[in-house]
Amino acid sequence: MTRSMQRVAEAVAGDPAGCAALTVTGLAELTGTSEATVVRTARLLGYPGYRDLRLALAGLAAQQQSGRAPAVTADITVDDPIADVVAKLAYDEQQTLADTAAGLDTVQLGAAVTALAAARRIDIYGVGASGLVAQDLAQKLLRIGLVAHAHSDPHLAVTNAVQLHSGDAAVAISHSGSTGDIIEPLRVAFDRGATTVAITGRPDGPVSQYADHVLTTSTARETDLRPAAMSSRTGQLLVVDCLFIGVMQHTYETAAPALSASYEALAHRHSPRTR
């Protein structure tokens, strides 16, 4: 551990109950470190992210107070009232966003933004829940005048990737980092000379070997009533929004008029129809 990571570890070991009550930002301020350091420390201690470490600390605190096994959990159960479901989901979503923001490499993000802003064409690959995120990024970029298309069909993804060249860009979205239908088109795009970006919860996964830039999301913890796709999508959407705002900033002179034109073209569809 670095000295800053040691301060985080010492804090959670010395006061698990107090640290369990803190957000990732609060613990970073308490220890005089950064949010990224807190997340890295949690991962080094064996937890996917700070959310999981925080739950473990709460359980440890309860065990110390009662002298028995911890009963504290944020997992949703079959018998939970809907109010508890809302509270637990809101808590989990907040932690996912905080973990993703703290662990996001802004240097890599900046490089990816620059590549997308200058690209002649952008291909985005995603299947399942990640496919929905790919569509979200594509429609955002289209509305500011960029040529961007999302591909969830693996055959079409590869067919389109073959047409990419230097000056183009490809984005692969895969929480596991090992989805073959995503890795193959990204590899083809990489081999064709396009700038490639991977958005993944597993930066050491196979998809990263074909990515010029890797953007890491919080690692989702899957339960019976909360599939990993739910948490992973939250982190992915945050990264997508960061990419979009960055590209918008880089291309503002052309992006702003294009966005206004798209609003005007759709305005009549959002107004009450008169008979």
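The values are calculated or read from the model by the stated rules, or taken from the named source; none is laboratory data. These numbers come from a predicted model, not from an experiment. Virtual Cβ from ideal backbone geometry, glycine too; neighbours counted across all protein chains shown. Note: accessible area is taken over every heavy atom of the protein model, side chains too, but ligands, DNA and RNA are not part of it. Shrake-Rupley method; radii C 1.70, N 1.55, O 1.52, S 1.80 Å.
Of the solvent-accessible surface of the chain, computed with a 1.4 Å probe and all protein chains present, 55% belongs to carbon and sulfur.
Rounded if a/c is under 1.5, else prolate if a/b is larger than b/c, else oblate: which is the stretch 99-197, with a ≥ b ≥ c the root eigenvalues of its Cα gyration tensor? It would help to have the intermediate numbers written out before the result.
Working: a/c = 1.32, a/b = 1.09, b/c = 1.22.
Because its axes are fairly even, with a/c under 1.5, the stretch 99-197 counts as rounded.
Ellipticity at 222 nm from helices only: DSSP H runs of n ≥ 4 in the chain, each -39500 (n - 2.57), divided by the residue count, give -18500 deg cm²/dmol. From the Cα gyration tensor of the stretch 156-266, with a ≥ b ≥ c the square roots of its eigenvalues, which class applies: rounded if a/c is under 1.5, or else prolate if a/b is larger than b/c, or else oblate? Judged from the Cα gyration tensor, the stretch 156-266 comes out oblate (a/c at least 1.5, b/c at or above a/b). Note: relative contact order over the chain, using C-alpha pairs below 8 Å and six or more positions apart, is 17 percent.
Of all DSSP bridge pairs formed entirely within the chain, close to 5 percent run antiparallel.
Computed from label points 7 Å out along Cα-Cβ, the spacing between Q163 and Q249 is 3.2 nm. Return the FRET efficiency for the residue pair D153, T77: r is the Cβ-Cβ distance, R0 is 35 Å, and the value is rounded to the nearest 0.05. Calculated value: 0.40.
Rounded, prolate or oblate for the chain? Axes are the square roots of the Cα gyration tensor eigenvalues, ordered a ≥ b ≥ c, and the cut-off for rounded is a/c under 1.5. Intermediate values should be presented prior to the final figure.
Numbers: a/c = 2.03, a/b = 1.67, b/c = 1.22.
Verdict is prolate for the chain.
Counting charges near D15 (Lys, Arg +1; Asp, Glu -1) among other residues having Cβ under 15 Å from its Cβ returns a value of 0.
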